[in-house]
Amino acid sequence: MSELTMDTLVSLCKRRGFVYQSSEIYGGLTSAWDYGPLGVELKNNIQRFWWKQMTQLHDNIVGLDAAILMHPRVWEASGHVENFHDPLVDCRQCRQRFRTDAIPEELWAKRQCPECGGQLTEPRQFNLMFKTHMGPVEDSSSVVYLRPETAQGIYVNFKNVVQTGRVKVPFGIAQVGKAFRNEITTKNFIFRTCEFEQMEMQFFIHPSEDGKWFDYWKAERFEYYQKLGVRDSRLRFHQHGPDELAHYAKVAFDIQYEFPFGWKELEGIHNRTDFDLRRHGEFSGKDLTYLDDGRGERFTPYVIETSAGLTRTVLTVLCDAYDEDEAEGEKRVVLRLHPAVAPVTVGVFPLVKKDGLAELARDIELGLREEFSTFYDQGGAIGRRYRRQDEVGTPYCITIDYQTKEDRTVTLRFRDSMQQVRIKIEDIPQAIRKATKEYRRV
Ligand code: GAP
């Protein structure tokens with residue numbers, strides 16, 4: 001296939017209802033995006049997939065849904081008030097603002113603006129947290145922040161979960177939710193936005209076992225993306241050097257994906273040591289240590305964190321799925337999404353509307369709705385209906401024709417291979433389940 005460009009993807013996303021620019025009728029808000037009918041299905045399916053893999057398939061990981069707004073002291077304890085900065089420079093000529101790491105090295109050496117060639121200022125530290133006020137008075141006592149990571153909601157609930165969740169170290173707490181960062185460089189569609197969603201899991205362990213558990217989660221998380229159907233050749237690890245490490249991390253690896261604009265972070269895996277629990281213990285005055293009966297020891301657990309961007313995973317999955325090939329002598333655009341996350345699982349079409357085929361197709365579609373996400377379409381040539389579903393990644397299509405009336409069989413068509421098989425109506429659910437379980441991207 002030809003190389004995917006971001007323009008092609010952005011245009012497909014808009015045309016087919018995956019992602020729209022926020023407040024578009026007012027000229028749009030930079031770096032904010034809305035998920036349309038198909039986008040929200042894809043995002044929810046990815047979230048569900050992550051939740052299953054990271055909580056329900058484990059004995060020792062539980063979920064949480066903490067509030068976005070938290071006590072402002074949380075962000076002092078976490079180090080975000082002091083350390084969560086990006087170095088920024090301004091162009092004296094065109095007045096644009098840039099993160100220093102987003103400026104090509106040769107231009108940065110000359111302090112030259114990447115947009116207009118003008119002279120850049122020296123870097124200044126800029127805190128990425130959004131500030132707002134709670135209550136009617138806008139003064140320093142009413143400041144609250146929109147959380148820049150979901151992780152802190154987990155740390156401040158550590159004691160609650162230990163006391164009520166019947167969990168024992170080693171165990172994890174998982175959460176999915178919105179996070180906010182006042183990002184300056186927000187190009188590349190939904191890659192880096194000011195409002196985004198994270199899927200984070202904090203795994204609490206004995207400090208002596210940090211190497212073992214770090215390796216375990218590193219391997220698990222790489223495998224997760226393979227299960228999600230992302231191609232191996234587009235995934236790699238990147239270890240953080242000393243100047244890249246976040247203020248809380250002892251060791252960090254990113255899982256990177258090769259986007260059309262280069263290799264970039266998709267997920268971070270961090271050894272956060274006892275930094276967060278220790279600091280919250282100090283700042284709140286509450287005891288956040290853990291008594292391990294088995295070891296006969298009290299300690300502050302270390303944390304291995306897996307932190308994935310949900311909205312960034314949506315972009316990854318779309319980039320990875322996009323393909324072009326040929327069908328019936330014409331170019332075909334196809335999203336090779338894993339069937340487990342595709343917005344529509346099965347399209348159902350009557351070959352023609354007349355002679356009772358539409359009614360029969362509707363009945364079949366209604367029967368499949370309970371278990372699968374379905375789409376009924378009776379308009380236009382059958383080839384065009386297949387193409388429309390290929391373009392949004394629908395893995396299976398069922399066609400009802402005259403033979404269906406005679407022997408109650410239908411055609412099941414597979415998106416990737418375009419292969420068609422004849423099966424009985426009652427066998428459709430099992431055929432879809434089996435194909436989804438055995439799905440491998442070719
Ligand atoms: N709790 C650790 C943490 O937040 P991070 O590396 O800053 O670590 C984790 O962020 C993940 O969140 C990233 O790998 C990325 O997928 C996602 N993410 C971070 N900033 C983002 C942004 N501005 N827009 C979209 N996703 C973002």
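Placing dummy labels 7 Å off each Cα toward the beta-carbon, the span from Thr132 to Arg441 is 3.6 nm.
Computed from the Cα positions only, the extents of segment 190-243 along the three principal axes stand at 38, 28, 24 Å, in decreasing order.
Averaging 1/r over each pair of different alpha-carbon atoms in segment 134-259 and inverting the result gives 17.6 Å, the Kirkwood hydrodynamic radius. A simple spin-label model places pseudo-atoms 7 Å from Cα toward Cβ; at Leu29 and Thr289 they are separated by 4.6 nm. Computed over neighbours whose Cβ is under 10 Å from that of Asp377, the net charge equals +2, Lys and Arg +1, Asp and Glu -1.
Report the net charge of residues surrounding Asp232, where surrounding means a beta-carbon distance below 13 angstrom and charges are Lys +1, Arg +1, Asp -1, Glu -1. With Lys, Arg at +1 and Asp, Glu at -1, the net is +3. With all protein chains in place and a 1.4 Å probe, the accessible surface of the chain carries 48 percent carbon and sulfur. Using 0.36 nm per residue and subtracting the Cα-Cα separation, the extra length available between Arg298 and Lys187 on full extension is 35.2 nm. Over all alpha-carbon pairs in segment 1-102, figure out the percentage whose distance exceeds 21 Å. The proportion of pairs with Cα distances above 21 Å equals 68 percent.
Treating only the Cα positions of segment 227-295 as identical point scatterers, give the base-10 log of I(q)/I(0) from the Debye formula at each q in 0.15, 0.21, 0.23, 0.27 Å⁻¹. Calculated log10 I(q)/I(0) at the listed q: -0.68, -0.90, -0.98, -1.15. Which of these, Gly229, Gly135, Gly118, has the largest mean-square fluctuation under a Gaussian network model of the chain (Cα springs below 10 Å)? Sorting by GNM fluctuation, first place goes to Gly135.
Other residues lying with their Cβ under 13 Å from the Cβ of Thr30 contribute a combined charge of 0, Lys and Arg counting +1, Asp and Glu -1. Here segment 53-164 is treated as an ellipsoid with the same Cα gyration tensor; its semi-axes, largest first and in whole Å, are 39, 21, 11. Give the distance, in whole Å, between the Cα centre of segment 222-270 and the Cα centre of segment 158-218. For segment 222-270 versus segment 158-218, the Cα centre distance is 15 Å. Altogether, the Stokes-Einstein calculation at 4 °C and 1.567 mPa s, with the Kirkwood radius of the chain over Cα pairs as Rh, returns a diffusion coefficient of 53 µm²/s. Per residue, the accessible area of the chain comes to 48 Å² when a 1.4 Å probe rolls over the protein heavy atoms. For the chain, Cys13, Cys194, Cys319, Cys397 have no disulfide-compatible partner, since no other Cys C-beta lies under 4.7 Å from theirs.
Taking all Cα pairs closer than 8 Å and separated by 6 or more residues, the relative contact order of segment 308-354 comes to 25 percent.
Size of segment 330-400: Rg and Dmax of its alpha carbons, in Å, are 12.0, 35.
The values are calculated or read from the model by the stated rules, or taken from the named source; none is laboratory data. Note that the coordinates shown come from a computational prediction; the quantities given were computed from them, not determined experimentally. Neighbour counts run over all protein chains shown; Cβ positions are idealised from the backbone, glycine included. Note: areas computed on protein heavy atoms with side chains; ligands, DNA, RNA excluded. Shrake-Rupley method; radii C 1.70, N 1.55, O 1.52, S 1.80 Å.
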